[in-house]
Each structure stands twice: as C-alpha cells, then as structure tokens.
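To start, the structure itself, in structure tokens.
The values are calculated or read from the model by the stated rules, or taken from the named source; none is laboratory data. None of the values given here were measured: they were computed from a predicted structure. A quick note on method: Cβ atoms are made from the backbone with ideal geometry, for glycine too, and the neighbour counts reach across all protein chains shown.
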Amino acid sequence: MYVLIAGGGALGREVAASLTARGHDVVVIDRLESVCATLYAELGVVAVKGNATDLHVLRDAGAGRADILVTALNVDADNIACALLGRSLGIERVIGRLRDASYEAAFRAAGVSHLIRATQLLRNQVVLHVEHPQVEEIVSVGDPHTHIVSVRVPAGAWCVGKSVAELAADRRFPEDCLLVGLRRQGETGIHIPRGGSCLRAGDEVLAIAAADRVDKVLAVLTRRG
C-alpha cells in the first residue's frame, strides 16, 4: 500500500520504519529539512519538506494516489485539518493521532476512521505498571478500559497445576476475563490455552480483562497456594 504520513516526529518515524520494513511504499511530510534528510539517510524513506496542512504540499507528496493517510502531527487541530484535506483529495482511510479527547468528535467529522490515543494509552500503561508491578506487559485494546496483560506465574502459586477450566470455575476468577495465550518458560511460541491446559511455574499468561479487573486476575495467577 501507498501510505502518506504527516509528521516525522517520534510516532511518524516509528510508523514509517515499521511499514517500510513490511514492504509498503511510505512518504513522510515534515516541516524540517533535517528531519526529512534523517528519514531518508537512516530509513530510506522518501520525505517531503513542507506543511502537511497545505493542500499543495499534500498533492506534491502523492496524496491523490495514497491508500492511507496517517496524521501524526503534534497539534490536534493540525491533524484534523490534514485529515480534511486528505479526504478531499480522495484518500479513503485516515488514521489520526488524538491528544485531547475533547477533539474526538471533530476528528470523526473530518472523516478519520481510526484514532490513535497515544498519550492516553501511555498514561494508562504507566499507571498500571506502578500499581501492578507483577504485570510484565500491558496493551490496551479497543478502548483505554480494556487491557491484555502478561503475567508470569511464580513458583508456589496456587494456580500451578490447575487447568484453565478449573481457574475459570473458581469464584475468585472474574467472569469478564479470558485467558488468551500461554508461553511456556524456555519456549518462544505462544499456545492458545484450552480448558484442559494446565499452568506451570514460570509460564507467561496473557489475559484480556477490563482495567478494573486486573487486580482480580493477578490475585488468581500470583497468589501463593
């Protein structure tokens, strides 16, 4: 796909690097000549110097043939303006960076199909790591209130030797939580846990749960027997 990215900052750069590595055609627009030069020198990404809220700059960057526009600018109003111009040039899919939630309706009105709430997601992850040090990794999915958490089962935990079905039947296990992945210690692949799958000490368990249920998930997976 041909992907146009507005903004060559930290987010735009990482997205450009990942998409380029996956074989997509990527062009970045940034105001700074130094940023454009670095993107090309280090990543081989074509970068156009200019203002991504300028219709002529978007046209010069190939917006007319772009499959997707990613607005990764630092100001919400600029991202909205860029999205509106991109849509007017025929770009059907627009992914927008949202900083202030009060702008969400404006993003939707501008035709943005997917919102990236980078600041909110980062804040939530930091808070969860502070409050739940046992959690090794956290990913928010769908909305900021639903998480996939990665938890290492300690030796001597109550759940060691228990099957997934036994855990799900335990009254302490939250009903709105689901175990979705299991990585055995020393292995690289992830198993999809079944009802008869038994947990072992050192297992990394992936669970999807509401943010306010993370405590209960941790209690079941890490409490001592």
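Residue-wise test of (1) part of a strand (DSSP E or B); (2) modelled with pLDDT under 90; (3) buried (at least 18 other Cβ atoms within 10 Å of the Cβ).
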position: Val139; (1), (2), (3): yes, yes, no
position: Asp143; (1), (2), (3): no, yes, no
position: His147; (1), (2), (3): yes, yes, yes
position: Ser150; (1), (2), (3): yes, yes, no
position: Ala165; (1), (2), (3): no, no, no
position: Ala168; (1), (2), (3): no, yes, no
position: Glu175; (1), (2), (3): no, yes, no
Study note, to complete from the structure: Conditions (1) touching a strand residue (DSSP E or B) at 6+ places or on another chain (Cβ under 8 Å); (2) of a type outside the set (D, E, K, R); (3) assigned to a loop (DSSP other than H, G, I, E, B) -> Tyr40 fails only (3)
Review point. Which residues, taken from segment 2-30, are of a type in the set (Ser, Thr, Tyr) and either part of a strand (DSSP E or B) or under 15 Å from the mean Cα position of the chain (by Cα) (or both)?
Key: Tyr2, Ser18
**Study point:** Selection status of Leu55, touching a residue at least 40 places away in the same chain (Cβ under 8 Å), under 23 Å from Ile80 (Cα atoms) and touching a helix residue (DSSP H, G or I) at 6+ places or on another chain (Cβ under 7 Å)
**Key:** no
Practice item. Give the number of residues within segment 187-210 that are under 19 Å from Gly156 (Cα atoms), among the β-branched types (Val, Ile, Thr) and surrounded by fewer than 19 Cβ atoms within 10 Å (Cβ to Cβ). Key: 0
Practice item. Report yes if some residue within segment 65-76 is in a strand (DSSP E or B), among the hydroxyl-bearing types (Ser, Thr, Tyr) and in the same structural domain as Phe107 (by TED's automatic domain parsing); otherwise report no. Key: yes
**Study point:** Cross-chain or 6+ apart pairs with Cβ under 9 Å, segment 213-225 first and in contact (Cβ under 8 Å) with a residue 12 or more places away in the chain, then surrounded by 22 or more Cβ atoms within 10 Å (Cβ to Cβ) and part of a helix (DSSP H, G or I)
**Key:** Val220/Leu167; Leu221/Leu167
Study note, to complete from the structure: The correct count of residues that are in a strand (DSSP E or B) and either of a type in the set (Lys, Arg) or under 15 Å from Glu136 (Cα atoms) (or both) in segment 177-205 is 5
Practice item. Scan Gly50, Gly9 and give me the residue that is of a type outside the set (A, V, I, L, M, F, W, C), in contact with a helix residue (DSSP H, G or I) (Cβ under 6 Å, 6 or more places away or on another chain) and either at negative phi or in contact (Cβ under 8 Å) with a residue 12 or more places away in the chain (or both). Key: Gly50
